[in-house]
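Only one structure is covered here, and it is reproduced in the block below.
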Amino acid sequence: MKQERSKVKSDILLRVRLLYVLFILAGAIVLARLVWVQLFSAEVAYNADRLASRIFTEEVIPAQRGSILSRDGEPLATSIFRYQAAFDFASPGLDSLKTFREQADSLAKLLAAFFRDKPASAYAKRFREEHARRYRLVNPRDTSYLRSEGWISRMMDRMRGEEYVKRRIYDTIRDHTPVNIFPREVDFAEWETLRRYPLLNWNMGMVYRLIERDERIYPQGELARRTIGLTGDKGNYGIEEAYREELAGRDGKALRQRIARGFYGRVAGGDHEDPVDGFDIVTTLDLDLQDVADKALRRQLEAQNALWGTTIVMEVHTGEILAMVNLGRNADGSFAERENYALGRSMEPGSTFKLATMLTLLDDAKMPPSTVYDTHDGDPVTVGPAKNIRDSHRGDREIDFRRAVASSSNVYFAKAIWDRYGITGKKQEYSDFLHKELHLGETVGLERLGERKPSITTDWKVPDPGVMLVKMAYGYRVRMAPIQVITFYNAIANDGKMISPVLVRELRRGERHHQQRRDAGQDLREGARPRPREGQDHGRQQRDGHVAEQAVRSHRGDVGPQHAADDHRGHRHGSQHADHRPLRQNEVQRTQQQKNPDAGHRLNQQQPHMEHRRLHLAGFHAAEGDEQHQEDQRRGDHLPRQLLQRRDRTAQQRPDN
């Protein structure tokens, strides 16, 4: 008996142990499967991601692009948000046809009065057509359902024979494609009014999605277009491109959950990141001066039938650029800002480069201003290995330094440079002085905005080094951008201190101001003017200083590439032709009065704001010769520094037909 009980007990214990083992194995299999699904199964992870992507989405919240402002805070480029309401006419909130038509008719009247583009009936018709197209009832059929719910009511309905009621039902087809209902995008102020209208105030539910777009606008139109710049499909240049990252800011992000097709709601507590708006860039441009310079340059280009020109207005002591105009001729003959000639057009400076030659002769070669050379009355002469060097005017033979400056003599400076650097074999010393003392081989710090590097040789291992030296004396075989020439001239006006041009004053975001670093420093380089030598008497110092100042004044009206005479018709460079002449004061004033009678009045109004700036401008001017030219050069007349002439012009002549 005891043995039988012991056997039964053993069987029970065995079965229990087997069950334990089975449960443990099942648990291990489940655990292994969970580990596999969570850590190793790519298919499960893929399906989970697909499901999550259909429910949740990460929306990018765009940062508002910073504005570009003038020195006075006037907007040159700014961004505004534009809004459009994308309606979901298949939304369940619009299923009630009667209520929808009442609300749609009210909205149609308000939109017609707001936009004034079409009558209210046209809006109402469109709303009804879109609703009928997006929300359709198909497959009509009859069905029966109980009239009453309670059992007592059902018994009474049965006794009357009205227990079931027939009703027609439909299948619904919904197209949730959003439909824009505004005829155009609206700004924020307009949207604040529109959002109070029926349906737009969500009185029938979330029936539309608001679409926001950041639009870039330029309130000043084409004024300073090449300086301000553009981004996107229309071009990438100017401040817009150079300061792209600072202006753009940092986009934010938000987690949203799908509510209906095209409609999402923000998930509370999700991984959100607020956008950081871009910096506002405060430039040094003065809108009034920019407008005056633009109109003045247009008049000059039309008068001279030029292909292109540039005007730069710079404040002497700070180097701030108050105006920068770049105009080129279109195919239809009009002028527009086609290219940044001031920074990106490297060209032979011509007679404007003679100022560097003057400083080299006075400061490095120690040539006294009383030195006399025969200029041969405008006839072609040979200077060293260079042939056919001549002046554009007659009436001068043996002249001294001062007269050579006043008449901008090619022959005088070519002979002076050849005698001191060519015959003596000091060509390298000449180029070293231009680079190391005058710093003309360097950019001025606007590379970020597209400044072209100047080209002034330091390697004299060329086929014709002598010819190159002679032509460099009066502005050929060298290439400089207009911004580099005005920076050099500005150093003379600034008592010998060369200041890096400044176009961007500061970066600003809200109350925070970030002073813009001047890429090439402020008081950059000393010595860009003639320095008195030890042992000189006081009178000699005054005379040299007067000569340097006279050089600046006389070249404010100078031409760019010219004075390379190769025939008897005048001075020619490539296919361009221009005769250089120092303009007379009364002639310029008379021209200004004839072409713009209001210019003097406008400039006089601005004069109190401009006196303290001591504006200075290196002049480029391409002009046709006239009969008065010879007399002007014989008398040595030059253009004094007056407001109407404070411009930096580089004008390329049209090819002769």
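The values are calculated or read from the model by the stated rules, or taken from the named source; none is laboratory data. Keep in mind the model is a prediction, meaning the values are calculated, not measured. Methodologically, a virtual Cβ is constructed for each residue, glycine included, from the backbone with ideal geometry; neighbour enumeration extends over all protein chains shown. What goes into the accessible areas is simple: the full protein's heavy atoms, side chains included, and nothing from ligands, DNA or RNA. Shrake-Rupley method; radii C 1.70, N 1.55, O 1.52, S 1.80 Å.
Observations
- Considering residues of segment 57-98 that are of a type in the set (Lys, Arg) and either under 30 Å from Phe279 (Cα atoms) or in contact with a His (Cβ under 6 Å, 6 or more places away or on another chain) (or both) only, the residue surrounded by the most Cβ atoms within 10 Å (Cβ to Cβ): Arg65
- Residue among Arg33, Arg101 that alone is touching a residue at least 24 places away in the same chain (Cβ under 8 Å), assigned to a helix (DSSP H, G or I) and open to solvent by 40 Å² or more (accessible area, probe 1.4 Å): Arg101
- Leading residue by the ranking (surrounded by the most Cβ atoms within 10 Å (Cβ to Cβ)) among those in segment 446-489 that are of a type in the set (Val, Ile, Thr) and not in a helix (DSSP H, G or I): Val478
- Qualifying strands (runs of 3 or more DSSP E) (wholly inside segment 259-341; at least 1 residues being at pLDDT 90 or above and either over 21 Å from Leu230 (Cβ atoms) or more than 17 Å from the chain's Cα centre (by Cα) (or both)): 306-315, 321-329
- Residue under evaluation Arg116, criteria (1) loosely packed, with under 15 Cβ neighbours inside 10 Å; (2) touching a Ser or Thr at 6+ places or on another chain (Cβ under 7 Å); (3) of a type in the set (Lys, Arg), criterion not met: (2)
- Condition check for Glu185: out of contact with any helix residue (DSSP H, G or I) (no Cβ under 6 Å at 6 or more places or on another chain), under 30 Å from Val282 (Cα atoms) and open to solvent by 50 Å² or more (accessible area, probe 1.4 Å): yes
- Residue in segment 399-410 that is assigned to a helix (DSSP H, G or I), over 24 Å from His435 (Cα atoms) and polar (S, T, N, Q) present: yes
- Criterion: closer than 20 Å to Lys426 by Cα and open to solvent by less than 50 Å² (accessible area, probe 1.4 Å) - qualifying residue of Tyr373, Tyr412: Tyr412
- Residue list for segment 231-255, filter: within 15 Å of Ile281 (Cα to Cα), touching a residue at least 12 places away in the same chain (Cβ under 8 Å) and surrounded by fewer than 21 Cβ atoms within 10 Å (Cβ to Cβ): Glu241, Ala242, Arg244, Glu246, Ala248, Gly249
- Scanning segment 499-516 for residues that are assigned to a loop (DSSP other than H, G, I, E, B), farther than 20 Å from Ile228 by Cβ and either at pLDDT 90 or above or in contact with a helix residue (DSSP H, G or I) (Cβ under 6 Å, 6 or more places away or on another chain) (or both) turns up just one, Ser500.
- Failed condition for Arg82, given (1) free of Cβ contacts under 8 Å to residues at least 12 places away in the same chain; (2) closer than 30 Å to Thr283 by Cα: (1)
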